[in-house]
1. Give me HIS51, HIS63 ranked fewest to most by other Cβ atoms within 10 Å of their Cβ, as a rough exposure proxy.
2. Taking the Cβ-Cβ separation of VAL24 and THR49 as r and a Förster radius of 25 Å, what is the calculated FRET efficiency to the nearest 0.05?
3. Test of understanding: ordering MET203, MET110, MET23 by Cβ neighbours within 10 Å, fewest first, what list do you get?
4. From the residues LEU133, ALA90, CYS107, which one has its Cα farthest along the dipole of segment 59-164 in the positive direction, the dipole being from +1 and -1 charges on Cβ of Lys/Arg and Asp/Glu about the Cα centre?
5. Counting other beta carbons within 10 Å of each Cβ, put CYS76, CYS163 in order, fewest first.
6. Measure up LYS14/LYS68; LYS67/LYS198; LYS68/LYS158; LYS14/LYS198; LYS14/LYS62; LYS14/LYS158 against 27 Å on the Cα-Cα distance and list the ones that go over.
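What follows draws every value from the coordinates through simple rules; no lab data is involved. Here the structure is a predicted model, which is why all the values come from computation and not from measurement. No Cβ is skipped: glycine too gets one built from the backbone with ideal geometry, and neighbour counts run over all protein chains shown.
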Amino acid sequence: MDITQPSECILLAKPDRVDHARMVFKGSGIDIKTEGTKDTGVEIITTGTRHLGAAVGTDDFKHSYIKKKVDAWIQCVQTLATIANSEPHAAYSAYTHCLQTQWGFLCRSMPGVPALFQPLEDAIRTTFIPALLRREVNDRERDLLSLPARMGGMGILKPIDDCLVSHNNSVFVSEPLVRLVQRQEFEFDPAELSDEVKALEVMLTLQTMTATKKSSNRS
């Protein structure tokens, strides 16, 4: 943690380690605040905090964080549904190229949370898609719409399904980088590392295409 700018620092500690955390900064001249409003010092918290667009901390904190995100995305879906009534192509483009990519990072970085995205899927299914197609869709049609355009779908992904695989895919592709960090390896060939990551990405793409084809055939 860079303490040269303490006002930008947050220390997440277990409840039974708070006193020890305060001792670490004793005599440093840096102000410490515990679960309070952070202004000029380091804030020590025990619940959780936002980190790089995701959240770390207790399950309650992470679930609350995701719920706020999902509620905001639902509002966006509803807005695009309104736009789709008069400009369906514009609404569809905004959804597929912008909106649905926003929860991709959250799905990749936070495992075990697909059920929290059910309200978002409900909004897509019952509000956005009917506005776009001018009619309701059944379960089979919803599955088909989630397929890529090259397979006859519209690329309107299911947030829950995306969550089920995104984190595992992210762990798989980033494994070479994680290995370097865990081993504290400072000497490595960047080109070799890049090739290894690209090979994993190709493998993952092939696996995804195979799984998507199987899903398309079932539909």
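1. Numbers: HIS51 12, HIS63 16.
If I rank by nearby Cβ atoms, fewest first, I get HIS51, HIS63.
2. Working: r = 18 Å, r/R0 = 0.71.
My answer for the efficiency is 0.90.
3. Details: MET203 12, MET110 20, MET23 9.
Fewest-to-most Cβ neighbours within 10 Å comes out as MET23, MET203, MET110.
4. ALA90
5. Numbers: CYS76 18, CYS163 23.
Ascending Cβ contact count within 10 Å gives the list CYS76, CYS163.
6. On the way: LYS14/LYS68 24 Å; LYS67/LYS198 34 Å; LYS68/LYS158 19 Å; LYS14/LYS198 38 Å; LYS14/LYS62 15 Å; LYS14/LYS158 35 Å.
Result: LYS67/LYS198; LYS14/LYS198; LYS14/LYS158 exceed 27 Å.
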